[in-house]
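Some notes on the structure that comes next.
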Amino acid sequence: MVFGSDDNKLYAVNTADGTKKWEFEAGGQFRTNVASSSDGTTVFVGSWDNKRYAINMADGTKKWEFLTGGNVESSPALSSDGATVFVGSDDNKLYAINTADGTKKWEFLTEGNVDSSPTLSSDGATVFVGSDD
């Protein structure tokens, strides 16, 4: 199990006995859910340090980080092929990020913070997200 905390740390815990596997520290609180890659090797999570992270599930090391212009309160959504992670930010944008290397595929500007979590259509062709506008 992986979860974030207000102490700026992401924790991985062994569900069988409750022992800590690892922790990852960021520059801000973790207030979002995580999304896991289909093979279970990577978790994606956002922080109030304006970043989206890809974290190695085996040892808690950072694979990459993606800087947005505001806090990331939106939980991530993964494309069905696992190649893209979608996330909103308090910079009024929805981002599509390449899961392999953390590069931006595209961004969509709204007129308000994007704190809601994106959802994909059943065919994966459309991303739905709410905005504070």
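The values are calculated or read from the model by the stated rules, or taken from the named source; none is laboratory data. What you are looking at is a predicted structure, and each value in this text was computed from that prediction instead of being measured. FYI the Cβ positions are ideal-geometry reconstructions off the backbone, even for glycines, and counts take in every protein chain you see. SASA here: full protein model, heavy atoms, side chains in, ligands and nucleic acids out. Shrake-Rupley method; radii C 1.70, N 1.55, O 1.52, S 1.80 Å.
What single numbered condition from (1) assigned to a loop (DSSP other than H, G, I, E, B); (2) surrounded by 19 or more Cβ atoms within 10 Å (Cβ to Cβ); (3) in contact with a Phe, Trp or Tyr (Cβ under 6 Å, 6 or more places away or on another chain) fails to hold for Gly28?
The single condition Gly28 does not satisfy is (2).
Any residue in region 112-125 that's touching a residue at least 40 places away in the same chain (Cβ under 8 Å) and acidic (Asp, Glu): show its pairings with residues that are open to solvent by 50 Å² or more (accessible area, probe 1.4 Å) and assigned to a loop (DSSP other than H, G, I, E, B) at Cβ separation under 7 Å, as long as the two are six or more apart or on different chains.
That search, which allows pairs on different chains as well, returns Asp115/Glu73; Asp115/Asp132.
Looking only at residues in region 55-67 that are part of a strand (DSSP E or B) and surrounded by fewer than 20 Cβ atoms within 10 Å (Cβ to Cβ), which one is nearest to the chain's Cα centre (by Cα)? Don't jump to the end; show me each part of the working.
Pass one, region 55-67, residues part of a strand (DSSP E or B): 55-56, 62-67.
Next cut, surrounded by fewer than 20 Cβ atoms within 10 Å (Cβ to Cβ) only: 56, 62-65, 67.
Working: Asn56: 13, Lys62: 13, Lys63: 13, Trp64: 11, Glu65: 10, Leu67: 11 Å.
Here the residue is Glu65.
What are the residues in region 84-109 that are more than 19 Å from Ser47 (Cα to Cα) and touching a Leu at 6+ places or on another chain (Cβ under 7 Å), if any? Break it down stepwise before answering.
The first filter runs over region 84-109 and keeps only residues more than 19 Å from Ser47 (Cα to Cα), leaving 100, 105-106, 108-109.
Correct list: Phe108 only.
Quick grid of which residues meet (1) part of a strand (DSSP E or B); (2) more than 23 Å from Ser121 (Cα to Cα):
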{"site": "Asp49", "(1), (2)": "no, yes"}
{"site": "Gly69", "(1), (2)": "no, yes"}
{"site": "Glu73", "(1), (2)": "no, no"}
{"site": "Val87", "(1), (2)": "yes, no"}
{"site": "Ala96", "(1), (2)": "yes, no"}
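Name every residue in region 98-123 that is in a loop (DSSP other than H, G, I, E, B) and over 13 Å from Val85 (Cβ atoms), in order of residue number. So that I can check it myself, show each step before the final result.
Going residue by residue through region 98-123, those that are in a loop (DSSP other than H, G, I, E, B) are 99-103, 110-118, 121-123.
If the condition is that a residue be in a loop (DSSP other than H, G, I, E, B) and over 13 Å from Val85 (Cβ atoms), then Thr110, Glu111, Gly112, Asn113, Val114, Asp115, Ser116, Ser121, Ser122, Asp123 are the ones that fit.
Looking at (1) under 19 Å from Leu120 (Cα atoms); (2) within 13 Å of the chain's Cα centre (by Cα); (3) without any contact (Cβ under 8 Å) to a residue 24 or more places away in the chain, which is the only condition Ala83 fails?
Going through the list (1) under 19 Å from Leu120 (Cα atoms); (2) within 13 Å of the chain's Cα centre (by Cα); (3) without any contact (Cβ under 8 Å) to a residue 24 or more places away in the chain, Ala83 breaks only (2).
Is there a residue being charged (D, E, K, R), more than 12 Å from the chain's Cα centre (by Cα) and open to solvent by less than 60 Å² (accessible area, probe 1.4 Å) anywhere in region 38-54?
Just the residues of region 38-54 that are charged (D, E, K, R), to begin with: 39, 49, 51-52.
Filter once more, so that each one left must be more than 12 Å from the chain's Cα centre (by Cα): 39, 49.
Among the residues that remain, those that are also open to solvent by less than 60 Å² (accessible area, probe 1.4 Å) are: 49.
Yes, some residue in region 38-54 is charged (D, E, K, R), more than 12 Å from the chain's Cα centre (by Cα) and open to solvent by less than 60 Å² (accessible area, probe 1.4 Å).
Using beta carbons and a limit of 6 Å, which pairs, at least six apart or on different chains, have the first residue in region 1-19 and free of Cβ contacts under 8 Å to residues at least 60 places away in the same chain and the second one of a type in the set (Ser, Thr, Tyr) and exposed (fewer than 10 other Cβ atoms within 10 Å of the Cβ)?
That search, which allows pairs on different chains as well, returns Met1/Thr15.
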